[in-house]
Amino acid sequence: MNNLSIIIPYYNGKGFIFNCIDSILKSYNLSQKKIVLEIIVIVDSPEEYIDNKMDIAAYYDNPVFLKVFVNERNVGVAASRNKGLELSQSNFITYIDQDDLVNYNYFSVIENQLSDQYHCLIYNGYRHYTNNNRYYKLYFIKPDLDVKAVLKQEFILWTPGLMIINKSKVQIPTYFIDVSDDLRGCDDWAAFVNMLLMYPDVRFNYIKTPIFVINKHAANFSNDLEQMLLCQIAVLNYFKGKIKPELQKIINRIIDVRTFEVKRYTDSLSRGTVLLKHTKIYFKYLCNKWIYLRYPSYKLKKTWYALFEEKNVAK
């Protein structure tokens with residue numbers, strides 16, 4: 001029987017955490033329980049947690065599969081996730097953000113898909129826009145899982161909650177990395193690059209059925225576009241000296257585009273400057289913007305119907 005640890009970093013998440021855990025328990029109870037479940041909550045806002053007199057374990061009558069660890073101080077989401085990995089007793093692990101959910105069929109699907117022959121299991125999900133309660137499927141084609149595709153963001157792992165890692169195949173004690181002391185928001189991307197650099201021949205099982213829900217709301221950190229762009233530049237600079245020369249060239253080109261995007265976003269470039277000095281980068285910027293908005297229709301060699309397939313989906 002397989003064991004699965006679900007690691008949930010908690011930060012000022014009183015309004016989200018119980019919905020997240022409830023969705024896990026509901027899905028688990030609807031399954032055949034072929035998986036031994038372990039939920040690990042890492043509290044990274046200790047003062048808020050204590051001041052609100054919260055006790056997540058007691059709320060669920062302290063089930064044996066639920067563990068709550070309170071950090072002595074705020075250390076960030078990357079360190080909290082790595083702490084959860086250290087505490088995990090399972091052979092498979094995944095990371096779920098406190099404001100995301102698993103779908104009702106999550107365990108019913110994955111309990112027959114976990115296998116030691118793969119490094120990881122990747123599955124589809126929904127983006128749920130809470131302001132209008134609309135659901136959109138994330139992926140329409142099977143992703144290409146390699147360093148180049150991830151660096152260029154031809155494949156976007158929207159959240160680590162969309163992947164289950166086989167600990168016997170992927171052995172990285174510090175899987176998540178804080179690439180900057182000041183910038184936060186791209187540690188998911190950095191972790192994925194980190195894994196693919198160490199395991200370039202990664203084997204993965206892909207489930208096209210949407211079984212996960214990413215909640216998009218006003219409090220999402222990713223809503224700060226300037227911060228996210230600066231985070232991406234920090235990640236690219238961190239890995240630039242750790243990869244092959246041909247990939248370094250790709251990274252330099254992406255950094256140029258991201259830097260340009262920051263300047264455009266902050267209105268520090270005039271139209272005349274753009275046309276006279278940055279025409280080539282501006283073209284890459286427009287292409288990148290189109291790819292970001294229309295992904296995954298970018299891979300036209302594989303499919304074009306994704307342009308038309310994004311629909312409202314009933315939960």
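The values are calculated or read from the model by the stated rules, or taken from the named source; none is laboratory data. Here the structure is a predicted model, which is why all the values come from computation and not from measurement. Note: ideal-geometry Cβ built from the backbone for every residue, glycine included; neighbour counts use all protein chains shown.
Quick notes
- Single condition Gln171 does not satisfy, out of (1) without any contact (Cβ under 8 Å) to a residue 24 or more places away in the chain; (2) polar (S, T, N, Q); (3) in contact with a helix residue (DSSP H, G or I) (Cβ under 7 Å, 6 or more places away or on another chain): (3)
- Leading residue by the ranking (surrounded by the most Cβ atoms within 10 Å (Cβ to Cβ)) among those in region 182-202 that are in contact (Cβ under 8 Å) with a residue 40 or more places away in the chain and among the charged types (D, E, K, R): Asp187
- Residues of region 146-155 satisfying the condition of being in a loop (DSSP other than H, G, I, E, B) and under 14 Å from Trp189 (Cβ atoms): Lys152, Gln153, Glu154, Phe155
- Residues of region 203-233 that are of a type outside the set (D, E, K, R) and modelled with pLDDT of 90 or more: Phe204, Asn205, Tyr206, Ile207, Thr209, Pro210, Ile211, Phe212, Val213, Ile214, Asn215.
- Filtered residue count, region 94-148, keeping only those that are touching a helix residue (DSSP H, G or I) at 6+ places or on another chain (Cβ under 8 Å), of a type in the set (A, V, I, L, M) and closer than 25 Å to Lys83 by Cα: 5
- Residues that are crowded, with 18+ Cβ neighbours inside 10 Å and β-branched (Val, Ile, Thr) within region 171-181 comprise Ile177, Val179, listed in sequence order.
- Residue in region 55-75 that is in contact with a strand residue (DSSP E or B) (Cβ under 6 Å, 6 or more places away or on another chain) and of a type in the set (Lys, Arg) present: yes
- Test: residue in region 259-276 that is modelled with pLDDT of 80 or more and either touching a strand residue (DSSP E or B) at 6+ places or on another chain (Cβ under 6 Å) or not small (Gly, Ala, Ser) (or both): yes
- Note on region 35-143: enclosed helices (runs of 4 or more DSSP H) holding 1 or more residues that are among the polar types (S, T, N, Q) are 77-87, 106-110.
- A Cβ distance below 6 Å, combined with a sequence gap of six or more or placement on separate chains, defines the contacts here; from region 40-54, residues that are charged (D, E, K, R) reach no residue that is surrounded by fewer than 23 Cβ atoms within 10 Å (Cβ to Cβ) and assigned to a helix (DSSP H, G or I).
- Conditions (1) surrounded by fewer than 21 Cβ atoms within 10 Å (Cβ to Cβ); (2) within 15 Å of Ser90 (Cβ to Cβ): number failed by Asn19: (2)
- Odd one out for Gln32 among (1) modelled with pLDDT of 95 or more; (2) surrounded by 13 or more Cβ atoms within 10 Å (Cβ to Cβ): (2)
- The single residue among Leu157, Leu121 that is buried (at least 20 other Cβ atoms within 10 Å of the Cβ) and in contact with a strand residue (DSSP E or B) (Cβ under 7 Å, 6 or more places away or on another chain) turns out to be Leu121.
For (1) more than 20 Å from the chain's Cα centre (by Cα); (2) more than 21 Å from Ser168 (Cα to Cα), each residue gets a yes or a no:
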position: Ile17; (1), (2): no, yes
position: Val36; (1), (2): yes, no
position: Glu47; (1), (2): yes, yes
position: Asn52; (1), (2): yes, yes
position: Val70; (1), (2): yes, yes
position: Gln98; (1), (2): no, yes
position: Ser108; (1), (2): yes, yes
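- Ser115 being surrounded by 16 or more Cβ atoms within 10 Å (Cβ to Cβ) and assigned by TED's automatic domain parsing to the domain that holds Asn215: no
- Single condition Gly76 does not satisfy, out of (1) surrounded by 22 or more Cβ atoms within 10 Å (Cβ to Cβ); (2) of a type outside the set (Phe, Trp, Tyr); (3) within 21 Å of Ser180 (Cα to Cα): (1)
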